[in-house]
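Contents: one structure, followed by commentary.
The values are calculated or read from the model by the stated rules, or taken from the named source; none is laboratory data. Just so we're clear, the structure is a prediction, and the values are computed from it rather than from any experiment. Counting neighbours? That spans all protein chains shown, and the Cβs are built from the backbone with ideal geometry, glycine included.
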Amino acid sequence: MIVLGIETSCDETSAAVVKNGRQVLSNIIASQVDLHAPFGGVVPEIAARRHIECIGFIVDEALKKANLSLSQMEAYAVANGPGLAGALLVGLNYAKGLSFVNKKPLIGVNHIQGHVCANFLSEKEHEEGELKPPFLSLVVSGGHTLLLAVDDYNTYRVVGATRDDAAGEAFDKVARVLGLPYPGGPEIDKIAKTASPSIDFPRARVDGFDFSFSGLKTAVVQYFQKNPDNIPDIAASFQKAVVDVLIERAVAACVSEGYNKIALAGGVACNSALRRAMQDACKEKELQLFMPAPVFCTDNAAMIACRGYYRLLTENADDLDLNAFPGRMV
């Protein structure tokens, strides 16, 4: 089964062709980082307008790279939430048009579940991949920090979530305070490699397996105001505080829920410190760890096509009155 995926939930316009939910035939991504960098964050109106300008070209390029046509797609999968309302509607309405004209199934995809499915993807032919449910997924991005129990391909259950800022949001806000370029997460990761995490910033521990990063962010800002010349060590110490909490909660939840596999997901899953520390923690606890290739960590349409494939196997297609749900979680 060959599925065309479309992703426009935030500031990447992406289209991908995926075979049988696992093999990526093409995955085209148009980033808007340069557009939003002067503002220090994503401007929703600018993002939506650029999606409108790009989406037709991106879909054409994805089909061209896969050497296939729209008529050869068996379904069109599109992210319809969570995300920016205007941005989501661009991709959703484009997919609706394709579905109507070509009389193919339309599959709405939860963006967060798509991130989890990035762990199933491969660009190698005939590779089924090792990861199969059940497992626990740590989803860490600019807008979300969640622990999801994945009991089968279509069953997702929230085990823990952030009470305030998402981890990626905290990275970007701290980077802005430190005067680092946007997006802040990769910049902090880069300079932290040359510094010492010697500052003891607080680690919030709330009930259950939830997260909280607002207090840490405030502590970093207050420290920086008194120590403005210690940026590398501040960055390294902040990053370590975030990574420590993410790993502690993820490993504890995995053991508590009775799983033996953890899958990282989301843009912050590219963070080198998180990947290294999670490898060490899982080795110590004898847990299997799965991490997507970096290109599949950030927003992309291949993960949307993958999630759409598994939805289509057991669920009905969506009607053309499918709406966007910007605030929907899982």
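Determine whether R275 is of a type in the set (D, E, K, R) and more than 25 Å from V174 (Cα to Cα). Judged against the criteria, R275 is not a match.
Counting only residues that are modelled with pLDDT of 95 or more and aromatic (F, W, Y), the range 154-186 holds 2 of them.
Taking the options V159, V150, name whichever one is within 21 Å of C306 (Cβ to Cβ) and touching a residue at least 60 places away in the same chain (Cβ under 8 Å). Show your work before the answer.
On the way: V159 fails: within 21 Å of C306 (Cβ to Cβ).
Only one candidate passes the filter, namely V150.
A single member of P181, P197 is more than 20 Å from the chain's Cα centre (by Cα), within 14 Å of A273 (Cβ to Cβ) and assigned by TED's automatic domain parsing to the domain that holds G266, and it is P197.
Do we have I107 as in contact with a Gly (Cβ under 7 Å, 6 or more places away or on another chain) and crowded, with 22+ Cβ neighbours inside 10 Å here? Spell out the reasoning first.
Values: in contact with a Gly (Cβ under 7 Å, 6 or more places away or on another chain): yes; crowded, with 22+ Cβ neighbours inside 10 Å: yes.
In short, yes.
If the condition is being surrounded by 12 or more Cβ atoms within 10 Å (Cβ to Cβ) and more than 25 Å from the chain's Cα centre (by Cα), then the range 200-217 contributes F201, P202.
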